[in-house]
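Only one structure is covered here, and it is reproduced in the block below.
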Amino acid sequence: MSIPREPLIELVGVSRSFGRGAGRVVAVRDLDLTVGEGEIITVVGPSGCGKSTLLNMLARLDEPDAGELRFRGRPAAEADVEIGYVTQSDSLFPWRTLLANVEYPLEIRGVPKAERRERAMALLARVGLAGFENHLPRQLSGGMRQRGNIVRALVYEPDIVLMDEPFGALDAQTRLLQQRQLQDICAEERTTVVFITHDLQEAILLGDRVVVMTARPGSIKLVREVGIDRPRDLDHIHEQPRFQHLVTELWDALRDEVLRAAPAVAS
Amino acid sequence: MTRATTTARRTVTLQQRPAARVRRRRLPVWAQSLALLVVLLAVWEAFSGRLVDPFYLPAPSAIADALAESAVAGTLWANLWTTVQETAIGFLIGALAALVAGIVFGRSPRVAAVLDPFLVALNATPRVALAPLFVVWFGIGFLSKVILVITMVFFIVFYNTFQGVRSVDATYLRVATVMGASQRQIFRTVILPAATPLIVLGLKLSIPFALIGAVIGEFIASSAGLGYQIKLASNTYDTAGTMAGIFVLMVVAVLIDLVLNRIARRVLFWQPESTERTTNTL
């Protein structure tokens, strides 16, 4: 049983489409979802299912054209929430050192130099990047850059952290390490996370709940409580019956959608 | 197993041998360049007056004499100073105006769209053809040269700035927006740094054109400057004097290029080292 949480994000009948006339494409349709404070929601779906559209609306880079998006009960545009955003590709500013990148969100908030240095350094050390703070992004490996990216999104302690397939481009071993680090940090900070991935296993091992989306127009096919206690042993979670059961159940749901999306992708 | 070892050993020897040979036999690159220069000058010196009429191709020594003569007389320095001033002032004004225009246009697609045909037409006009007009409008003095330099510099810097501002990676803009940066902060901390490589490239490319503008302006009508000195010498069939002037222009262009590359490397410290060099069109 999960503890009832205060709703932080509420999507009520949210739809978004692009283009006009015959070229009109409905990206997402009738999304209903409530995300509680401190909850980690993972979203899986076939490619082109509107995951990015959903994320853009949550990031307030885009607005639904029907339905309502609320943060802590207030319309998204007026809500006083801070959002962290980790992109699919690494998006550290190449002209700033790692430290200056992580300090960036604090800098634009006018946090005094000594304090922002201290906060940035503390987080960098937590993800094993101490000693690399004066490196430029191009001098770091892909995995290090992505960790820097995540740290930059966490350093100002946002209410919600959005992650768009952050580990998609990493090799398997690096990904495992980063998943573990992410789990540790989130558990400690009690951050609310919406995590988009195409990797079902990753969705289950990181999420409190997993959302499976349908092929375009994207809507929510099913939502499952993972129900595996934290902290999770990511090395052996695959052996748990609950995990295996979820993989089978969610894959059955996802497979149909992937197959439905595939001809559209091929054409 | 044996095969792998042999291959490995061969790779090693292949990599080591040429390197060792280089270290043993070859002079450093700069010394080789210098040696080539000496040889070329010696051949030139030997040819001139023997195989070629020195009237057409004066010997390096004759050019050096002409150079020394105008340096001692002081005319070289006065003319050099005039040309450098015209180039520098025209460059500064033109580049500054182009930076402002490039940023404004880059930030407001509407303005850019409305003014685009005018810019294309102006840019397509050979600026050299405007030079006589500038003489009529602004006189034969300093001002007409500066204006010509401005028109040469403006478009190069403008288009690069415009492109730089427009082509900022959208991901950076999104990330900064979500992190809570204001429009002003985004401009200062994301758009400007992201546009810097193209802006610097535009500035680098425009400097040789600034020099061209000044010299052409002086060719057309003037009473001072290196262009004036070259024209004066050629009018009196003084090929050695002409070539001395050309040599000074070459030296100026190379020096500017060296300084610029140094500054560019400073500003763009975050970019990977590139072997790209400014193409000098002089």
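The values are calculated or read from the model by the stated rules, or taken from the named source; none is laboratory data. Not measured: the values here are computed from a predicted model. Neighbour counts run over all protein chains shown; Cβ positions are idealised from the backbone, glycine included.
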For this session: Kindly list, by first and then second residue, each pair from a residue in segment B:173-197 that is more than 7 Å from chain A (Cβ to nearest Cβ) and under 22 Å from A:Asp159 (Cβ atoms) to a residue that is acidic (Asp, Glu) and assigned to a loop (DSSP other than H, G, I, E, B), limited to pairs with Cβ atoms under 6 Å and residues at least 6 apart or on different chains.
Result: none
For this session: Looking at (1) under 25 Å from A:Glu165 (Cβ atoms); (2) surrounded by fewer than 18 Cβ atoms within 10 Å (Cβ to Cβ); (3) touching a residue at least 24 places away in the same chain (Cβ under 8 Å); (4) not acidic (Asp, Glu), find the lone condition where A:Gly73 falls short.
Result: (1)
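The rows are residues; the columns are (1) surrounded by 11 or more Cβ atoms within 10 Å (Cβ to Cβ); (2) not assigned by TED's automatic domain parsing to the domain that holds B:Val251.
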site	(1), (2)
B:Pro28	no, yes
B:Leu34	yes, yes
B:Val38	no, yes
B:Asp65	yes, no
B:Glu69	yes, no
B:Thr75	yes, no
B:Thr82	yes, no
B:Glu86	yes, no
B:Phe91	yes, no
Problem set entry | Count of segment A:95-116 residues which are closer than 17 Å to A:Gln139 by Cβ, at the interface with another protein chain (Cβ under 9 Å from one of its Cβ atoms) and assigned to a helix (DSSP H, G or I) | 0
For this session: State all residues of segment A:14-30 that are in contact with a strand residue (DSSP E or B) (Cβ under 7 Å, 6 or more places away or on another chain) and either more than 15 Å from A:Phe71 (Cα to Cα) or outside any strand (DSSP E or B) (or both); if no residue qualifies, say none.
Result: A:Ser15, A:Arg16, A:Ser17, A:Phe18, A:Gly19, A:Arg24, A:Val25, A:Val26, A:Ala27, A:Val28, A:Arg29, A:Asp30
Exercise. Restricting the search to segment A:186-230, which residues are in contact with a Lys or Arg (Cβ under 7 Å, 6 or more places away or on another chain) and β-branched (Val, Ile, Thr)?
Worked result: A:Ile196, A:Val210, A:Val212, A:Thr214, A:Val223, A:Val226, A:Ile228
Exercise. How many residues, within segment A:175-210, are of a type in the set (Val, Ile, Thr) and either touching a Ser or Thr at 6+ places or on another chain (Cβ under 7 Å) or modelled with pLDDT under 85 (or both)?
Worked result: 3
Seminar exercise, completed: From the option list A:Val12, A:Val35, A:Val44, A:Val28, single residue qualifying as more than 17 Å from the chain's Cα centre (by Cα), crowded, with 23+ Cβ neighbours inside 10 Å and away from chain B (no Cβ under 14 Å) is A:Val28
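Restricting to segment B:198-231, and then to whatever is within 14 Å of chain A (Cβ to nearest Cβ) and in contact (Cβ under 8 Å) with a residue 60 or more places away in the chain, can you tell me which residue is nearest to B:Phe105 (Cα to Cα)? Walk me through it before giving the result.
Step one: list which residues in segment B:198-231 are within 14 Å of chain A (Cβ to nearest Cβ), which gives B:198-200.
Still in the running and in contact (Cβ under 8 Å) with a residue 60 or more places away in the chain: B:199-200.
Details: B:Ile199: 14, B:Val200: 18 Å.
My answer is B:Ile199.
Working carefully through the options B:Ser223, B:Ser206, find the one that is at pLDDT below 90 and either crowded, with 19+ Cβ neighbours inside 10 Å or closer than 23 Å to B:Ala78 by Cβ (or both).
Details: B:Ser206 fails: at pLDDT below 90.
That would be B:Ser223, the only listed residue that is at pLDDT below 90 and either crowded, with 19+ Cβ neighbours inside 10 Å or closer than 23 Å to B:Ala78 by Cβ (or both).
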Exercise. Looking at segment A:160-179, which of the residues that are surrounded by fewer than 17 Cβ atoms within 10 Å (Cβ to Cβ) and in contact (Cβ under 8 Å) with a residue 40 or more places away in the chain is nearest to A:Arg255 (Cα to Cα)?
Worked result: A:Gly168
For this session: Sort out which residues of segment A:47-65 are closer than 12 Å to A:Ala76 by Cβ, outside any loop (DSSP other than H, G, I, E, B) and within 11 Å of chain B (Cβ to nearest Cβ), and write them in order of number.
Result: A:Asn56, A:Leu58
For this session: Name the residue, out of B:Ala240, B:Ala244, B:Ala253, B:Ala224, that is in a loop (DSSP other than H, G, I, E, B) and closer than 30 Å to B:Asp65 by Cα.
Result: B:Ala224
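Is segment A:73-94 home to any residue that is in a helix (DSSP H, G or I) and farther than 29 Å from A:Phe18 by Cα?
no
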Exercise. Out of curiosity, is A:Glu189 out of contact with any strand residue (DSSP E or B) (no Cβ under 7 Å at 6 or more places or on another chain) and either farther than 24 Å from A:Gly48 by Cα or away from chain B (no Cβ under 14 Å) (or both)?
Worked result: yes
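For B:Gly245, state whether it is at pLDDT 90 or above, closer than 30 Å to B:Asp53 by Cβ and within 22 Å of the chain's Cα centre (by Cα). Show your work before the answer.
Numbers: at pLDDT 90 or above: yes; closer than 30 Å to B:Asp53 by Cβ: yes; within 22 Å of the chain's Cα centre (by Cα): yes.
Spelling it out, B:Gly245 is indeed at pLDDT 90 or above, closer than 30 Å to B:Asp53 by Cβ and within 22 Å of the chain's Cα centre (by Cα).
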